[in-house]
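Taking it in order: structure first as structure tokens, then the write-up.
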Amino acid sequence: MILKASILTSEELRRALTRIAHEILERNKGAQGLALVGIHTRGIPLAARLAAKLRELEGVDVPLGRLDITLYRDDLSEISVQPVIRDTQIDFDMQPRRVILVDDVLYTGRTVRAALDALLDLGRPQSIQLAVLVDRGHRELPIRADYVGKNLPTARSELVKVKLQETDGLDAVELWERSETGAGE
């Protein structure tokens, strides 16, 4: 893998999340009736940061959940013989809420499709909206984000790496080129 570019610095990432929080509040006319659900792994800290920003801006504690989509993936057999199952925790009633599903990168749309299936197995929210830090294109399904921190057109040979303080020890978004051998994502 070869590092091609730094896409977002820590400060730019913080600003992108602040903008997404403002867009969420504007579209939903405030934070009342919202809930945030982060997709494992990096969607969870992003959702927590958005919840903190919404609390700061509106003075409202927005319920926060986390979602594991492993068993809902359409490529489960390709991932691993023994896939790692993480915890799903939704400690609130979704039915009266507008749920904001949060992930780090939107690519083919398959992760979001799996997340929608998993979420709907747990309840029926009033609506579901999608917030992503980076939209890199190359959709295979008719899915689009409602809130995007950075639109980043990419080649299929490229890889977007989101690094967060909570999971990686630093905040950054980087663009990498796969090596000639095709080692992957």
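The values are calculated or read from the model by the stated rules, or taken from the named source; none is laboratory data. All values reported here derive from a predicted model rather than from experimental measurement. Because the Cβ atoms are built from the backbone with ideal geometry, glycine has one as well, and the counts that use them run over all protein chains shown. Quick note on the areas: whole protein, heavy atoms, side chains included, nothing else; ligands and nucleic acids left out. Shrake-Rupley method; radii C 1.70, N 1.55, O 1.52, S 1.80 Å.
Structural remarks
- A residue that is under 17 Å from the mean Cα position of the chain (by Cα) and not aliphatic (A, V, I, L, M) occurs nowhere in region 1-9.
- Residue match in region 48-61 (condition: at pLDDT below 95, assigned to a loop (DSSP other than H, G, I, E, B), loosely packed, with under 14 Cβ neighbours inside 10 Å and among the charged types (D, E, K, R)): no
- The lone exception for LEU170 - which of (1) assigned to a loop (DSSP other than H, G, I, E, B); (2) within 17 Å of LEU17 (Cβ to Cβ); (3) within 16 Å of the chain's Cα centre (by Cα) it fails: (3)
- Test: ALA114 is of a type in the set (A, V, I, L, M, F, W, C) and over 25 Å from ALA21 (Cβ atoms): yes
- Residue match in region 165-177 (condition: open to solvent by 70 Å² or more (accessible area, probe 1.4 Å), touching a Pro at 6+ places or on another chain (Cβ under 6 Å) and modelled with pLDDT of 95 or more): yes
- Of all the residues in region 129-159, those that are assigned to a strand (DSSP E or B) and under 13 Å from the mean Cα position of the chain (by Cα) number 11.
- Verdict on ILE2 being of a type in the set (Val, Ile, Thr), open to solvent by less than 40 Å² (accessible area, probe 1.4 Å) and modelled with pLDDT of 95 or more: no
- Residue under evaluation ASP75, criteria (1) open to solvent by 30 Å² or more (accessible area, probe 1.4 Å); (2) modelled with pLDDT of 95 or more; (3) not β-branched (Val, Ile, Thr), criterion not met: (2)
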